[in-house]
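The values are calculated or read from the model by the stated rules, or taken from the named source; none is laboratory data. Values in this document were obtained by computation on a predicted structure and should not be read as measured data. Neighbour counts run over all protein chains shown; Cβ positions are idealised from the backbone, glycine included.
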Amino acid sequence: MSSVSWSAIESLTKDWTVEEIIDCDRRSWTNGLQTTMRGKSLLYYAQELLVIANEALHSLKHLDASGNDESVYLAPLKEQIFIKEKSTAEELVELWEGEWNEDTRRILEWCKQQGGQQVL
């Protein structure tokens, strides 16, 4: 990762204390990406970090046979964070409590459908 990327990350997190990070982590267990850290949601931070990662991978210019740089590997995460605006866990809880009506077969079907895909 470039020094530009590290500088961008540092500017987001430079004054955070260990205590704040631990507290945020614990609150995120129940509040997910809506958990706040210094007045901003974890969703905001996730989006910012994805932008930084995307730019860093794009700048490496490591292209595949189709001419795509390595930022293509961020696509599933971009969809989850920018489009759905929730973590996979938050999405699963919503499905479990709603549409799936706490039917264990539905979650097993979902896991099967994921197959070899990376679950975020």
- Restricting attention to region 99-120, and to residues there that are in a helix (DSSP H, G or I) and over 23 Å from THR30 (Cα atoms), which single residue is modelled with the highest pLDDT? ARG105
- Message: Considering only residues that are closer than 30 Å to ALA56 by Cβ and hydrophobic (A, V, I, L, M, F, W, C), which ones fall in region 68-120?
- Response: VAL72, LEU74, ALA75, LEU77, ILE81, PHE82, ILE83, ALA89, LEU92, VAL119, LEU120
- Message: Given the condition in contact with a helix residue (DSSP H, G or I) (Cβ under 7 Å, 6 or more places away or on another chain) and modelled with pLDDT of 95 or more, answer yes or no: does some residue in region 2-24 qualify?
- Response: no
- Can you run down the residue pairs with Cβ atoms below 9 Å, 6 or more apart or on separate chains, where the first is in region 22-33 and farther than 17 Å from THR88 by Cβ and the partner is in a helix (DSSP H, G or I) and modelled with pLDDT of 95 or more? CYS24/LEU42
- For TRP96, are the conditions met, namely being surrounded by 13 or more Cβ atoms within 10 Å (Cβ to Cβ), assigned to a loop (DSSP other than H, G, I, E, B) and in contact with a helix residue (DSSP H, G or I) (Cβ under 9 Å, 6 or more places away or on another chain)? no
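The rows are residues; the columns are (1) surrounded by fewer than 14 Cβ atoms within 10 Å (Cβ to Cβ); (2) in contact (Cβ under 8 Å) with a residue 24 or more places away in the chain; (3) assigned by TED's automatic domain parsing to the domain that holds THR35.
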residue	(1), (2), (3)
ALA53	no, yes, yes
LEU63	yes, no, yes
ASP69	no, no, yes
LEU74	no, yes, yes
GLU79	yes, no, yes
GLU91	no, no, no
TRP100	no, no, no
- Does region 101-108 contain at least one residue that is out of contact with any helix residue (DSSP H, G or I) (no Cβ under 9 Å at 6 or more places or on another chain), under 26 Å from LEU50 (Cα atoms) and among the aliphatic types (A, V, I, L, M)? no
